[in-house]
Amino acid sequence: MTQTIVIARYNPEQDEKPHHEAYQVQSDDNTSVLDALQQVQQQDPGLSFRWSCRMAICGSCGVMVNGVPKLGCQTFLRDYPAGLVITPLSNFAVEKDLIVNMEPFLEHLSAIKPWLINTAEGTQPHVQTPKQLAKYQQFANCINCGLCYSACPQFGLNPEFRGPAALALAHRYNLDSRDQGKAQRMPELNAKNGVWTCTFVGFCSEVCPKKVDPAAAINQGKVESAKDMIVSVLKPSGAR
Amino acid sequence: MNNGTKQPKRSDEPIWWALFSAGGVCFAVVIPGSLLSLAVLYPLGLISAEMLSYERVHHMVFEAFFGLGGLAFVGAAICLPLFHAVHRIHHGLHDLQWAHGPVAKVICYGAAILLSAIALGLWFF
């Protein structure tokens, strides 16, 4: 059947501001938003959008569908009988059409050092029990798609906020028994723009395509940060 | 990019968040319990007048456990819920972009501190 989709278009070299355009696409029960965008690209090769894996692993094809952040490959036209409006991810600067500048997100991500920090020398593997794995495994499923940043009203108000994915990954590495980097990450979490900008709206966890639950991670991070503050007060050196 | 040399300043938010959390528990448990017993069951006559006689309440609030019962009740029914409420108002003002920054913070938490001091003062004197 034929379905109409509306897409936000913006070419910074020609347009003063973004505008909406309607396109006709052929759809059946298996047609995803990404499929529909590719059909439109056949009609209008100038349409720009990011995509890669088509299977919700790469996290490239994030767009707003009727105002809600979604992965294009994981969202189907069959669920929108009343039509759909596809716009670029909110809270990011638009570069062209559906492409946004993800640089601020990547800066927040690198600031919390999302990698294993372990200075132990040796060739032996770091053994981990299933219990130790279970502590952080849920938070390890992040694909860095940025949907949670588009969902977060606090990131919308304050772009300096480290944000859901970065803070969830900080928590993920802090919980990892093989990691020794918590002391290096805590100053970022303790800051105003760390966990404390979050007001537990929870929309980040609702839109997460991988069920990471960043809202839970950040609020567990608040407990860690509060404990860290008590320790810093009790410590005579006050080093942290 | 953060190269790890510059550390951001620690937020004082854990203090307000801890008071907010404690106040939330009180709002959920102590306030409904107090309202049920004092504002519903007592007027309906399901709690006898004897239970809330002046002598009994005076003993519970000012004498039992060195008077700590009264202090605990003022803290749990007035002070901590106050900090819970102003924390929500403070963040609500920021969310609505009506007010943010140190002035809103001083007014909100200042009000909670002042009203708590009055409540504790009334209990103490």
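Each reported figure results from applying straightforward, stated rules to the coordinates on display, with no laboratory input. This is a predicted model, so every value here is computed, not measured. Reconstructed Cβ throughout: ideal geometry from the backbone, glycine too, with neighbour counts over all protein chains shown.
In terms of other Cβ atoms within 10 Å, B:Asp12, A:Asp228 run from fewest to most in the order B:Asp12, A:Asp228.
Partner shielding of A:193-203 amounts to 3, given as the average count of beta-carbon atoms from other chains within 10 Å of each residue beta-carbon. Between A:Asp28 and A:Ser110, the FRET efficiency estimated from the beta carbon spacing at R0 = 41 angstrom works out to 0.45.
Ranking of B:Cys26, A:Cys145 by neighbouring Cβ atoms within 10 Å, starting from the fewest: B:Cys26, A:Cys145.
As a rough guide to protection, the peptides B:65-71, B:76-82, B:43-49 ranked by mean Cβ packing within 10 Å, highest first, stand as B:76-82, B:65-71, B:43-49. For the segment A:79-86, counting C-beta atoms of other chains within 10 Å of every residue's C-beta and taking the mean gives 0. Of all lysines in the structure, those lying under 29 Å Cα to Cα from B:Lys6, and not within fewer than 8 positions of it along the same chain, are A:Lys113, A:Lys182, A:Lys192, A:Lys222, A:Lys227, A:Lys235, B:Lys105. Going Cα to Cα from A:Lys17, which lysines come in below 30 Å? Please leave out same-chain ones fewer than 8 positions away. Output for A:Lys17: A:Lys70, A:Lys96.
In peptide B:11-19, what is the residue-averaged number of other protein chain Cβ atoms found within 10 Å of each Cβ?
Working: counts 11, 3, 11, 11, 2, 1, 7, 5, 0.
Mean shielding by partner chains, rounded to a whole number: 6.
Which semi-axes, in whole Å and largest first, does the equivalent ellipsoid of the protein assembly as shown have when worked out from the alpha carbon gyration tensor as the square roots of 5 times its eigenvalues? Don't jump to the answer; show the numbers that get you there.
On the way: eigenvalues 464, 158, 80 Å².
Taking √(5λ) for each Cα gyration eigenvalue gives 48, 28, 20 Å.
For chain B, the fraction of alpha-carbon pairs lying more than 17 Å apart is 68 percent, rounded to a whole number. Backbone amide hydrogens, once placed in the peptide plane, bring A:Ala191 within less than 5 Å of B:Ser11, excluding anything fewer than 5 places away on its chain.
Against chain B, whose longest principal axis is taken from its Cα atoms, helix B:102-124 shows a tilt of about 20°.
Cβ crowding within 10 Å, taken as a proxy for footprinting-reagent exposure, orders A:Lys210, A:Lys17, A:Lys222 from fewest neighbours to most as A:Lys17, A:Lys210, A:Lys222.
The HN-Hα couplings worked out from phi for region A:105-116 by the Karplus form 6.51 cos²θ - 1.76 cosθ + 1.60 (θ = phi - 60°) are 4, 5, 5, 4, 4, 5, 5, 8, 6, x, 8, 5 Hz, whole numbers, x standing for Gly and Pro. Straight-line cross-link reach from A:Lys131 at under 13 Å between alpha-carbon atoms covers these aspartates and glutamates, not counting any fewer than eight positions away in the same chain: A:Asp176. Put the Cα centre of region A:25-88 next to the Cα centre of region A:155-177 and the gap is 27 Å.
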